[in-house]
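The values are calculated or read from the model by the stated rules, or taken from the named source; none is laboratory data. As the structure is a computational prediction, the values presented were derived from the model and not from experiment. Here Cβ is always computed from backbone atoms with ideal geometry, including for glycine, and neighbour counts include all displayed protein chains.
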Amino acid sequence: MRVAALTVACLFGLWTAVACRRAQYHGLPGSDALVWAGLSGAFFLLSLMKTARGLGLLRGFGGFVRDIFKQRGWYEDRRSLQIAASIAVAVVVVVLVVWGLLWAWHYIKRYRLAIGFAGLTVGFGIIRFISLHEVDAWNANAPWARMVVDLVAAAGVSAIAIARLWQLRTSEQRRSV
């Protein structure tokens, strides 16, 4: 279900990128096409990683990264690094969401809220990858939380993409009349 939701968000982002590019070609505001293409790419990579993980293709990757950290001497003092990195990622995600909410009502800069939604799922994945024991325990106690974050992010980006597509459609109709 998560992979399907992330793929739908990817497709809406791609559709919006193409529509923005087409609008820009016709002289309408569409400079956010590159941002929508980037969001589409991010959700494509997320769905691809979730599929690969579900098929067991990423087994051993954590051990590989752990070995690199041990070789560099970072593994022994990882607790402070894990806490600092988790806090930094959480702060960046909160800033992205707040930044997006501040621009949510602007007709063309609404993509900033979509970036905030994408930041939710990417940030949650990074914090999970950092593997702080408290986060691991929370994930074990609430396995549904990861799916909720992914679904909220995918739904948020999809809704904003639909709003942008609708806005492009109505501005094209007004221009042709």
Scan the stretch 109-125 and report the pairs whose first residue is closer than 19 Å to W144 by Cβ and whose second residue is charged (D, E, K, R) and in a helix (DSSP H, G or I), with Cβ atoms within less than 7 Å and a gap of 6+ or a chain change. T121/D150; F124/R146
Being farther than 17 Å from A155 by Cβ, at pLDDT below 80 and buried (at least 17 other Cβ atoms within 10 Å of the Cβ) narrows I127, I108 down to just I127
Tally up the residues in the stretch 19-70 that are under 15 Å from V3 (Cα atoms), touching a residue at least 12 places away in the same chain (Cβ under 8 Å) and exposed (fewer than 13 other Cβ atoms within 10 Å of the Cβ), please. 1
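Does S31 meet the test of being hydroxyl-bearing (S, T, Y), on the phi < 0 side of the Ramachandran plot and touching a helix residue (DSSP H, G or I) at 6+ places or on another chain (Cβ under 8 Å)?
Values: hydroxyl-bearing (S, T, Y): yes; on the phi < 0 side of the Ramachandran plot: yes; touching a helix residue (DSSP H, G or I) at 6+ places or on another chain (Cβ under 8 Å): yes.
Criteria met by S31.
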Give me the pairs: first residue in the stretch 143-157 and closer than 12 Å to L46 by Cβ, second residue of a type outside the set (A, V, I, L, M, F, W, C) and surrounded by 18 or more Cβ atoms within 10 Å (Cβ to Cβ), beta-carbon distance under 6 Å, and six or more apart or on different chains, which are they? V149/T121; D150/R2; D150/T121; A153/T121
